[in-house]
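The values are calculated or read from the model by the stated rules, or taken from the named source; none is laboratory data. Since this is a predicted model, take the numbers as computed values, not measurements. A quick note on method: Cβ atoms are made from the backbone with ideal geometry, for glycine too, and the neighbour counts reach across all protein chains shown. Remember, those area values only see protein heavy atoms, side chains included, never the ligands or the DNA or RNA. Shrake-Rupley method; radii C 1.70, N 1.55, O 1.52, S 1.80 Å.
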Amino acid sequence: VQLQASGGGLVQAGGSLRLSCRYSGPASKYAKGWFRQAPGKEREFVAAVSWSGQTVHYADSVKGRFTISRDNVKNTVSLQMSSLKPDDTGVYYCYALHVKYDGHVGVGADNYWGQGTQVTVSS
């Protein structure tokens with residue numbers, strides 16, 4: 001599985017950006033999402049979408065401002081970011097998560113990461 005993130009850049013507070021992550025390999029059935037890492041801070045969860053696209057989850061800090069979506073035909077997962085704040089600055093990483101099941105019990109997981117794209121929000 002390979003992931004390639006794009007779409008980062010410099011934007012003023014209150015502006016918008018759209019990140020995109022193209023994936024290849026057997027990832028169409030994997031959950032996808034985004035993490036971010038600000039300078040001097042740990043990587044933190046931003047948003048995730050199930051393999052079907054029907055279930056999404058957001059960090060409290062981005063709810064109502066960010067929207068995650070996926071296109072299993074184009075093999076992309078996108079993050080539309082609006083009302084951006086300086087605190088949203090960081091390197092954004094897309095990921096794919098493959099949970100392995102034995103029956104209905106999860107017995108392991110493989111996690112794949114893209115290379116990251118820089119988002120800078122100026123005040």
Exercise. When TRP34 is evaluated against the numbered criteria (1) of a type outside the set (Ser, Thr, Tyr); (2) assigned to a strand (DSSP E or B); (3) open to solvent by 60 Å² or more (accessible area, probe 1.4 Å), which criterion, by number, is the only one it fails?
Worked result: (3)
Exercise. Out of all the residues in segment 38-46, is one or more in a strand (DSSP E or B) and among the acidic types (Asp, Glu)?
Worked result: yes
Exercise. What is the residue count in segment 80-117 for residues that are assigned to a loop (DSSP other than H, G, I, E, B) and over 24 Å from LYS29 (Cα atoms)?
Worked result: 5
Seminar exercise, completed: Across (1) open to solvent by less than 60 Å² (accessible area, probe 1.4 Å); (2) over 18 Å from ASN75 (Cβ atoms); (3) in contact with a Gly (Cβ under 9 Å, 6 or more places away or on another chain); (4) not charged (D, E, K, R), HIS57 clears everything bar (1)
Exercise. Given the conditions (1) within 19 Å of GLN118 (Cα to Cα); (2) in contact with a Lys or Arg (Cβ under 6 Å, 6 or more places away or on another chain), which single one is not true for CYS21?
Worked result: (2)
For this session: Scan segment 71-83 and give yes if some residue there is open to solvent by 80 Å² or more (accessible area, probe 1.4 Å) and either among the aromatic types (Phe, Trp, Tyr) or out of contact with any strand residue (DSSP E or B) (no Cβ under 6 Å at 6 or more places or on another chain) (or both), otherwise no.
Result: yes
Exercise. Here are some residues: LYS29, LYS100. Which one is out of contact with any Ser or Thr (no Cβ under 7 Å at 6 or more places or on another chain), without any contact (Cβ under 8 Å) to a residue 12 or more places away in the chain and over 22 Å from THR120 (Cα atoms)?
Worked result: LYS100
For this session: Would you check if VAL11 is within 19 Å of SER123 (Cβ to Cβ), more than 16 Å from the chain's Cα centre (by Cα) and either of a type in the set (Lys, Arg) or surrounded by 14 or more Cβ atoms within 10 Å (Cβ to Cβ) (or both)?
Result: yes
For this session: Test PHE45 against the criterion of being out of contact with any Pro (no Cβ under 8 Å at 6 or more places or on another chain), at pLDDT 95 or above and farther than 15 Å from VAL119 by Cβ, and give yes or no.
Result: yes
Exercise. Does any residue of segment 50-73 turn out to be touching a helix residue (DSSP H, G or I) at 6+ places or on another chain (Cβ under 6 Å) and either of a type outside the set (Gly, Ala, Ser) or assigned to a loop (DSSP other than H, G, I, E, B) (or both)?
Worked result: no
Problem set entry | Matching residues in segment 84-123 - criterion: being open to solvent by 50 Å² or more (accessible area, probe 1.4 Å), among the hydroxyl-bearing types (Ser, Thr, Tyr) and farther than 21 Å from GLY40 by Cβ | TYR101, TYR112
